[in-house]
Amino acid sequence: QQQVKQSPQSLIVQKGGISIINCAYENTAFDYFPWYQQFPGKGPALLIAIRPDVSEKKEGRFTISFNKSAKQFSLHIMDSQPGDSATYFCAASASGGSNYKLTFGKGTLLTVNP
Amino acid sequence: DGGITQSPKYLFRKEGQNVTLSCEQNLNHDAMYWYRQDPGQGLRLIYYSQIVNDFQKGDIAEGYSVSREKKESFPLTVTSAQKNPTAFYLCASSNREGSLNYGYTFGSGTRLTVV
């Protein structure tokens with residue numbers, strides 16, 4: 001059972017455009033939602049994260065939007081650049097549980113054309 | 001600099017051979033994890049450990065084994081029972097306590113190929 005569903009699987013955006021990646025979760029105990037960025041041949045790196053007590057978090061060109069009632073969250077990349085071309089993973093965890101373990105989406109391959 | 005070191009970066013395994021992937025962290029993190037990454041499959045959890053001398057199976061543990069004798073080290077052995085071991089293997093670590101951005105720290109990965 002996939003607990004975090006991510007879409008789209010791949011995305012092509014022109015330079016300067018907005019990239020939007022969506023995730024939906026099922027477990028209402030989830031209370032931590034990070035996004036990771038992975039370049040080819042490298043390990044994923046934490047990009048931005050949010051907790052459900054806020055509906056939006058912005059760091060530079062990256063924004064997480066969170067909708068608790070719909071159990072959905074999304075990553076928006078404003079003014080997308082070719083250097084943003086990477087695979088992006090959403091994830092979720094329940095920090096109050098007996099173990100701290102992230103559940104990942106399947107990833108979105110973003111290509112930003114110059 | 002604190003971080004996670006995975007070695008080797010590339011590893012070739014012959015049929016029927018066991019191989020061990022190394023993962024060392026100097027972040028003083030309690031928990032460590034092993035993931036397998038295949039194209040289109042995302043990150044699938046193999047094993048994880050929250051404390052020394054204890055570890056738990058993840059979603060795809062069959063054909064793999066781990067040990068956690070030291071806080072800093074969490075080696076993964078890919079045994080001959082793993083029939084399709086060719087993949088990119090990622091090690092990660094985390095603290096159980098912390099601020100909003102405590103997340104996972106990943107290593108740079110080991111690419112294992114069966115020859």
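Apply the Debye scattering formula to chain A, with a single equal point scatterer on each alpha-carbon and no solvent, then give log10 I(q)/I(0) at q = 0.12, 0.14, 0.15, 0.19 Å⁻¹.
-0.39, -0.53, -0.60, -0.95
Can you give the Rg/Rh ratio of chain B, where Rg is from the C-alpha atoms and Rh is the Kirkwood radius?
Details: Rg = 13.6 Å, Rh = 14.2 Å.
Ratio value, two decimals: 0.96.
Can you sort A:H76, B:H29 by how many other beta carbons sit within 10 Å, fewest first?
Numbers: A:H76 16, B:H29 20.
The order, fewest Cβ neighbours first, is A:H76, B:H29.
On a straight-distance basis, which aspartates and glutamates could pair with B:K14 in a cross-link, Cα separation under 19 angstrom, same-chain partners fewer than 8 positions away excluded?
B:E62
For A:S93, B:S80, which order do you get if you count the other beta carbons within 10 Å of each Cβ and list the fewest first? Present the calculation step by step, with values, prior to reporting the outcome.
Numbers: A:S93 23, B:S80 14.
Result, fewest neighbours first: B:S80, A:S93.
Can you tell me which lysines have their Cα less than 30 Å from the Cα of A:K58? Leave out same-chain residues fewer than eight positions away.
A:K5, A:K15, A:K42, A:K68, A:K71, A:K101, A:K106
Rounded to two decimal places and with Rh computed the Kirkwood way over Cα pairs, what is Rg over Rh for the protein assembly as shown? Numbers along the way, then the final one.
Numbers: Rg = 17.6 Å, Rh = 18.2 Å.
Result: Rg/Rh = 0.97.
Whole number please: convex hull volume per residue of the Cα set in the stretch A:58-114, in Å³? Write out the running numbers ahead of the final one.
On the way: hull volume 6.3 nm³, N = 57.
About 111 Å³ per residue, rounded to a whole number.
Throughout, read-outs are computed from the coordinates displayed, never taken from laboratory work. Source: prediction; values computed, not measured. Here Cβ is always computed from backbone atoms with ideal geometry, including for glycine, and neighbour counts include all displayed protein chains.
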